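Presented below is the structure to which this report refers.
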Amino acid sequence: MVDPSEPVVLAEPAVIDGLDYWRSLPIAQQPAWPSSEAVSAASQELSSLPPLVFAGEVDILRTRLASAARGEAFLLQGGDCAETFAAATADQIRDRVKTILQMAVVLTYGASMPVIKMGRMAGQFAKPRSSETETRGDVTLPAYRGDVVNGYDFTPESRTADPARLVRGYHTAASTLNLIRAFTQGGFADLRQVHSWNQGFARNPANVRYEHMAREIDRAIKFMMACGADFEALKRTEFYTSHEALLMDYERPLTRIDSRTGTPYDTSAHFVWVGERTRQPDGAHIDFLSRVRNPLGVKLGPSATPAQVLELIERLDPDREPGRLTFITRMGASLIRDTLPPLLEAVSASGATPLWVSDPMHGNGLTTPTGYKTRRFDDVVDEVKGFFEAHRAVGTHPGGIHIELTGDDVTECLGGSEQIDESALAMRYESLCDPRLNHMQSLELAFLVAEELGAR
Ligand SMILES: O=C[C@H](O)[C@H](O)COP(=O)(O)O
Ligand SMILES: C=C(OP(=O)(O)O)C(=O)O
Ligand SMILES: [Mn+2]
């Protein structure tokens with residue numbers, strides 16, 4: 001569903017050239033900043049700060065994604081719906097990285113292929129919303145648009161967009177990324193350790209059905225050890241960052257010209273994507289991202305037509321560069337088997353070979369009578385299964401999964417082996433936007449997807 005609200009043209013004077021051409025185009029889902037001087041000051045400060053990622057890393061990621069598009073690797077992309085400044089703590093970052101590493105080991109085994117690990121982390125601070133405002137009782141205030149825009153507290157002060165948050169977002173992303181790099185390069189990612197955490201999961205009586213696969217992985221690791229595999233090298237792993245490139249006042253100042261090649265990279269993350277609500281082919285987001293070298297994602301919901309998808313390919317990947325473009329489909333479990341195959345067929349027939357990834361979260365939202373936004377674990381699993389079925393039928397590669405998850409023991413999604421029910425949602429619901437799979441549900445999903453991958 002493309003945002004029904006009319007896109008607005010920014011009041012700022014248009015600088016009609018290359019990287020700033022978007023300023024002259026319709027743009028959806030931007031905050032109403034109270035002062036354009038304060039936004040300019042924040043942008044100025046951001047543009048003087050060091051890049052968060054190096055263009056060379058971004059290029060390596062593009063080659064990894066190209067392998068996934070060819071069916072030779074699998075992408076695991078996961079993290080919060082909305083990262084918050086308050087939750088950028090060492091423990092919470094560690095537990096999210098740990099969850100992704102644990103899932104990746106299981107998926108690597110299931111797929112017998114490398115798994116590309118990517119967090120919705122270190123920059124996933126801006127949210128598109130279906131409504132501009134939120135009403136509680138007789139009070140209506142601007143909607144919460146993510147910590148980089150405004151606060152969640154329901155007061156006029158907190159809900160007013162504050163440009164100083166752009167700079168705080170950068171610093172929070174920098175410290176998050178610093179810890180991610182420390183964990184994934186400093187020994188925390190050791191394959192044997194990650195596997196022993198998974199054994200702990202499979203020993204839980206609720207997860208007996210996964211014990212068999214955990215034992216098989218154990219045998220495979222012992223076999224590798226007996227063969228003298230280099231476990232020193234397996235103490236480190238590549239880990240990439242990503243977020244929705246929603247807020248142009250954050251993305252534009254962090255876009256820099258790479259000194260090696262003279263081309264622009266959005267250095268706020270390795271991979272950025274355009275959301276379902278901002279993917280208008282003639283809109284600001286698509287124009288801006290068409291000009292940066294990063295690998296790009298585009299979310300596709302059930303209303304996406306083959307013609308729109310072919311136009312997005314033309315706009316974002318005219319040279320059909322391997323690894324450049326990823327479509328992240330989020331159709332809903334009940335629709336995916338009907339809506340995905342026509343898109344796969346049209347793209348295949350055009351000769352393009354984007355990476356196809358399943359987001360089984362955003363098409364499966366529901367609100368309980370008590371007002372909690374939630375999703376059923378079974379619907380999430382069913383959408384992934386439908387995604388695999390659609391690709392099998394058309395002969396294309398199901399190249400990855402994109403999941404809203406946390407390493408914490410929250411109660412936000414229904415079901416899973418802990419059988420979280422509606423009454424349990426109130427126990428520990430912490431997301432400020434969409435519900436996330438908790439640590440156990442995330443691992444369970446990884447085992448189920450690994451079974452699917454293994455069955456191919
Ligand atoms: O994360 C995705 C969107 O921001 C979210 O689903 C929008 O939610 P809303 O419908 O509550 O605005
Ligand atoms: C906003 C999101 O998704 P979509 O654009 O698919 O609705 C998201 O990934 O949190
Ligand atoms: Mn979300």
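The values are calculated or read from the model by the stated rules, or taken from the named source; none is laboratory data. All values derive from a computational prediction rather than experimental measurement. As a convention, Cβ positions derive from the backbone with ideal geometry for all residues, glycine included, and neighbour counts pool all protein chains shown. Just so you know, the surface numbers come from the protein's heavy atoms only, side chains and all, with ligands and any DNA or RNA stripped out. Shrake-Rupley method; radii C 1.70, N 1.55, O 1.52, S 1.80 Å.
Rule-of-thumb check for the chain: C-alpha Rg over 2.2 N^0.38 Å? Computed over Cα atoms of the chain, the ratio equals 0.94. If R0 is taken as 22 Å, the Cβ-Cβ distance between Phe85 and Ser40 corresponds to a FRET efficiency of 0.45.
Determine the sum of side-chain charges near Arg320: Lys and Arg each +1, Asp and Glu each -1, restricted to other residues whose C-beta is under 14 angstrom from that of Arg320.
Numbers: positive: Arg62, Arg70, Arg315, Arg324; negative: Glu314, Asp317, Asp319, Glu321.
Net charge around Arg320: 0.
Computed over region 360-412, the range of Cα coordinates on each principal axis works out to 43, 25, 14 Å, biggest value leading.
Distance from the alpha carbon centroid of region 77-91 to that of region 243-286 works out to 21 angstrom. Within the shell of other residues whose beta carbon sits under 11 angstrom from the beta carbon of Ala455, the net charge comes to +1, with Lys and Arg scored +1 and Asp and Glu -1. Each Lys or Arg adds one and each Asp or Glu takes one away; over the other residues whose Cβ falls under 11 Å from the Cβ of Ser417, this sums to -1. Long hydrophobic helices in the chain: none of the complete DSSP H runs spans 30 Å or more by Cα along its own axis with mean Kyte-Doolittle hydropathy of at least 1.6.
When the alpha carbon gyration tensor of region 70-208 is reduced to an equivalent ellipsoid, its three semi-axes come out at 35, 17, 15 angstrom, largest first.
Once Rh for region 270-357 is found with the Kirkwood sum over Cα pairs, what is the Stokes-Einstein diffusion coefficient at 20 °C and 1.002 mPa s, in µm²/s? D, rounded to a whole number, is 165 µm²/s.
Database remark: amide H of Leu75 closer than 5 angstrom to the amide H of Ile116, Gly400, Ile401 (H placed geometrically; neighbours at sequence offset of 5 or more, or on other chains; Pro and chain starts carry no H). Heavy atoms of the protein chains alone define the surface here; on that basis region 315-412 has 35 Å² accessible area per residue at 1.4 Å probe size.
Once the Kirkwood radius over Cα pairs is known for region 29-133, the Stokes-Einstein relation at 10 °C and 1.306 mPa s delivers a diffusion coefficient of 94 µm²/s. Taking all C-alpha pairs of region 333-456, those more than 17 Å from each other amount to 57 percent. Length gained on full extension, Arg209 to Asp319, computed as 0.36 nm times the residue gap minus the Cα-Cα distance: 35.0 nm. Between Arg181 and Thr263, the FRET efficiency from the beta-carbon distance, with R0 = 30 Å, is close to 0.80. The P(r) of region 302-404 has a tail past 19 Å containing 43 percent of all C-alpha pairs.
Where both bridge residues fall in the chain, DSSP classifies roughly 30% of the beta bridges as antiparallel. Note: region 182-302, Cα convex hull, 191 Å³ per residue.
Using the Cα centre of the chain as origin and beta-carbon charges of +1 (Lys, Arg) and -1 (Asp, Glu), tell me which of Leu425, Gly332, Thr406 is placed farthest towards the positive end of the dipole. Result: Thr406, furthest along the dipole toward the positive end. Label sites at Lys373 and Arg456, each approximated as a point 7 angstrom past Cα along Cα to Cβ, lie 3.1 nm apart.
Decide, for region 174-231, between rounded, prolate and oblate: order the square roots of the alpha carbon gyration tensor eigenvalues as a ≥ b ≥ c, take rounded if a/c falls under 1.5, and otherwise choose prolate if a/b is larger than b/c, else oblate.
It comes out oblate by the Cα gyration axes.
Ranked by the mean number of other Cβ atoms within 10 Å of their residues, highest first, the peptides 340-351, 237-248, 392-403, 416-427 fall in the order 237-248, 392-403, 340-351, 416-427. Per residue, the chain reaches -12500 deg cm²/dmol at 222 nm when only DSSP H runs of four or more residues are counted, each adding -39500 (n - 2.57).
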